[in-house]
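Here's the structure, in structure tokens; my notes come after.
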Amino acid sequence: MKRIFSGAQPTGNIHLGNYLGALRNWVELQREYESLFCIVNLHAITLPQDPQALAQKTRDLARLYLASGIDPQVSIIYVQSDVSEHAELAWILNCVTRISELERMTQFKDKAGKQREGVGAGLLNYPVLMASDILLFQTDLVPIGQDQKQHLELTRDLALRFNRDYGETFRVPDAFIPQAGAKVLSLSDPAKKMSKSDADANGSINLMDDADAVRRKFKRAVTDSGTAITFDETRPAITNLLTIYQILTGQTTLEVEQHFAGKGYAALKSEVADATIDFLRPLQERVRGYGDEELDRILAGGSERARHIARATLDDVMQRLGLDGTRRPNRARE
Ligand code: TYM
């Protein structure tokens with residue numbers, strides 16, 4: 001069975017873009033692939049985090065995975081820092097990565113801004129940790145939104161380079177980027193993607209937003225000039241609203257356009273809000289349904305299973321590099 005791996009950072013608020021671009025596809029794909037879904041808290045600390053809030057958000061995100069339909073009987077759900085092999089492989093891959101490759105990453109350039117000197121090295125090395133996540137599990141397919149595509153390309157480059165230099169070690173993964181929902185745009189600035197780190201709270205629909213907040217944010221959403229309600233790349237704001245509506249109602253683009261023919265922007269906004277509220281309500285109920293004990297049991301089981309797979313890859317990698325793993329103190333217990 002082929003394998004998928006994906007993850008999200010437990011920072012900020014998880015929003016509709018994360019769901020439509022990624023989580024939704026994880027749920028769909030988990031029956032066809034052996035699946036691992038990780039809460040990537042080591043990525044989160046590449047920017048300063050409040051420790052208590054990070055711990056809380058890590059658990060909240062695990063609940064969201066489950067509530068979205070990730071089935072822990074089928075898929076492996078776990079927290080990145082519970083499987084130390086991620087960090088170990090990241091160090092090794094750092095040694096085969098060029099600084100210039102990392103400096104080229106658009107996400108690094110965006111996050112680092114102009115003042116590069118004061119930026120943490122973790123932010124630069126972030127994509128190496130992401131490559132490690134993926135390569136540790138000999139992943140075939142990585143379901144992600146558009147914004148992670150460049151990181152996946154780097155992952156492929158690193159796998160190919162390592163395989164060339166040290167022999168066939170890693171499977172070279174492909175990205176799975178959905179046709180619809182790969183880049184959900186900010187409601188308040190459709191030139192930007194919907195983002196967890198956006199200072200403007202009105203740009204994102206968070207998965208835990210209540211009905212009033214959802215209605216208010218859609219009502220204030222920026223629209224394009226004109227009146228037509230059609231999917232049209234040159235009119236990103238309206239296309240964004242239509243895409244959200246289309247995915248949440250499960251209709252085709254043609255059905256959606258026919259539905260809104262002759263209607264105005266106010267009706268569009270109000271119907272997208274209704275569809276979103278109808279989607280979020282049961283999701284939020286399910287989130288609240290997972291108790292701490294159950295969550296701990298699922299995450300502990302997940303990390304155990306993940307570690308087993310990860311260790312096999314890492315042992316192979318270490319052997320190829322001449323790093324003898326047989327002296328590890330806990331080796332005998334494994
Ligand atoms: P993160 O936490 O920023 O986002 C989680 C997933 O949501 C997608 N996404 C979006 N999709 C559509 N429209 C948007 N506006 C939008 N914003 C975010 C992201 O593409 C992502 O799939 N580096 C990753 C986490 C990560 C990872 C990995 C992913 C770490 N290791 C290994 C896959 C495989 C990140 O920061 O995602």
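The values are calculated or read from the model by the stated rules, or taken from the named source; none is laboratory data. Computed from a predicted model, the values in this text were never measured in an experiment. Reconstructed Cβ throughout: ideal geometry from the backbone, glycine too, with neighbour counts over all protein chains shown.
Kindly indicate the residue of the range 224-282 that is over 29 Å from Ala67 (Cα atoms) and of a type in the set (D, E, K, R) and also surrounded by the fewest Cβ atoms within 10 Å (Cβ to Cβ) among those meeting that condition.
Glu233
Among the candidates Gly322, Gly301, single out the residue that is closer than 30 Å to Arg171 by Cβ, under 25 Å from the mean Cα position of the chain (by Cα), modelled with pLDDT of 95 or more and not aliphatic (A, V, I, L, M).
Exactly one residue qualifies, and that residue is Gly301.
For Ala306, state whether it is over 27 Å from Gln179 (Cβ atoms), crowded, with 20+ Cβ neighbours inside 10 Å and modelled with pLDDT of 95 or more.
Yes: the conditions hold for Ala306.
Just for helices (runs of 4 or more DSSP H) wholly inside the range 61-157: which have at least 2 residues that are within 21 Å of Cys38 (Cα to Cα) and of a type in the set (Ser, Thr, Tyr)?
In the range 61-157, the matching helices (runs of 4 or more DSSP H) lie at 121-136.
How many of the residues in the range 122-155 are within 17 Å of Thr106 (Cα to Cα) and more than 12 Å from the ligand (Cβ to nearest atom)?
Of the residues in that region, 4 qualify.
Taking Asp198 as the residue in question, decide whether it is in a loop (DSSP other than H, G, I, E, B) and touching a Ser or Thr at 6+ places or on another chain (Cβ under 8 Å).
yes
With Ala191, Ala182 as the choices, which residue is under 16 Å from the mean Cα position of the chain (by Cα) and touching a residue at least 24 places away in the same chain (Cβ under 8 Å)?
Ala182
What tally of residues in the range 90-133 results from selecting those that are of a type in the set (S, T, N, Q) and exposed (fewer than 13 other Cβ atoms within 10 Å of the Cβ)?
The qualifying residues number 3.
Quick check on the range 52-59. Is at least one of its residues aliphatic (A, V, I, L, M), in contact (Cβ under 8 Å) with a residue 12 or more places away in the chain and buried (at least 20 other Cβ atoms within 10 Å of the Cβ)?
no
Taking the range 231-267 as the search range and keeping residues that are part of a helix (DSSP H, G or I) and acidic (Asp, Glu), which one is nearest to Asp189 (Cα to Cα)?
Looking at the filtered set, the residue picked out is Glu257.
State all residues of the range 35-54 that are in contact with a Phe, Trp or Tyr (Cβ under 9 Å, 6 or more places away or on another chain) and either aliphatic (A, V, I, L, M) or not in a helix (DSSP H, G or I) (or both); if no residue qualifies, say none.
Matches in the range 35-54: Ser35, Leu36, Phe37, Cys38, Ile39, Thr46.
Is it the case that Tyr19 is within 17 Å of Val287 (Cα to Cα) and at pLDDT 95 or above?
yes
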